1. Taking segment 167-214 only, how many residues are among the charged types (D, E, K, R) and not in a helix (DSSP H, G or I)?
2. Identify, please: which residue in segment 171-214 is out of contact with any helix residue (DSSP H, G or I) (no Cβ under 8 Å at 6 or more places or on another chain) and of a type in the set (A, V, I, L, M) and is, among those, surrounded by the most Cβ atoms within 10 Å (Cβ to Cβ)?
3. Taking LEU192 and the conditions (1) within 21 Å of the chain's Cα centre (by Cα); (2) of a type in the set (A, V, I, L, M); (3) farther than 22 Å from GLY161 by Cβ, which numbered condition does it fall short on, given that it satisfies the others?
4. Of all residues in segment 146-160, which are in contact (Cβ under 8 Å) with a residue 12 or more places away in the chain, touching a helix residue (DSSP H, G or I) at 6+ places or on another chain (Cβ under 8 Å) and not aromatic (Phe, Trp, Tyr)?
5. Return the pairs, sorted by first residue and then second, in which the second residue is assigned to a helix (DSSP H, G or I) and modelled with pLDDT under 90, the first residue lies in segment 51-68 and is within 13 Å of VAL95 (Cα to Cα), the beta carbons are less than 6 Å apart, and the residues are 6+ apart or on different chains.
6. Residue by residue through segment 97-147, note down the ones that are of a type in the set (S, T, N, Q), surrounded by 15 or more Cβ atoms within 10 Å (Cβ to Cβ) and over 18 Å from THR158 (Cβ atoms).
7. Quick check: anything in segment 97-106 of a type in the set (Gly, Ala, Ser) and outside any helix (DSSP H, G or I)?
8. Count, please, the residues in segment 62-91 that happen to be in a loop (DSSP other than H, G, I, E, B) and either within 28 Å of LYS127 (Cβ to Cβ) or among the polar types (S, T, N, Q) (or both).
Amino acid sequence: MSEEFIREVDEDLRHKQLTNLWKKYGSYVITFLVGIILFVAGNVTLKNYNENKYAEVAELYGTAEKNVVANDMDEALKNLELLSDTTVSGYQILVAFKKADIEVSKGDLDAAIVTLDKLTNTSNVEKVYRDLANLKATMLALDTTSYDDIKSRLAPLTIEGNIWKYMAKELLAMAALNAGNGEEAKRLLLELEQDLEAPQDVKIRAKDFKSVIE
């Protein structure tokens, strides 16, 4: 067995290990952040509901939630689809993320990406929610989209001052690795590890990911 073959196998295993590590950490972190943001959006929605301005929309969304609890995902999607074009503050966000989560649970990643991209491009939704939708859609597309496309998707999120900057850079590093560009992945991870303003957990993850590549 040649050294070249062993090296390629070893490199492939490291890449798979790193990708799995990202999916483990990344999914947890983004789920946590989505929960926080949707809680805020939910408070806005609840306020509107209490003012009796959006009772019909609230009732339909509540029905969809009950469908999910009953594990009737098809019926939940039907009810959410009726709300897909709502302009009611808060519900645009709640509906899009809930619909995408259901589509993911059904194994339809393409549909989930379309749902999240629609929210990303909805101009009357606050930027923080649109960027989060973009981030989650890009995460779902990681294994099926080219590095250039991933980079283009994440470009608005990696700029200074964006709340999702660090997670977007982590995801971009994973995309570089998937594309076979280990050096680019290491460069991005090193930037995160050495960024004085990066949260400590981000630095730790970057160090862990980089150690797998090296």
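The values are calculated or read from the model by the stated rules, or taken from the named source; none is laboratory data. Note that the coordinates shown come from a computational prediction; the quantities given were computed from them, not determined experimentally. When we count neighbours, we look across all protein chains shown, and the Cβ atoms used for this are built from the backbone with ideal geometry, even at glycine.
1. Number of matching residues: 3.
2. For segment 171-214, the residue satisfying everything is ILE204.
3. Failing condition for LEU192: (3).
4. ILE150, LYS151, ARG153, LEU154, PRO156, LEU157, THR158
5. Short answer, once both residue conditions are applied: VAL57/TYR91; ALA58/TYR49.
6. THR115, THR122
7. Checked segment 97-106: no residue is of a type in the set (Gly, Ala, Ser) and outside any helix (DSSP H, G or I).
8. Count: 9.
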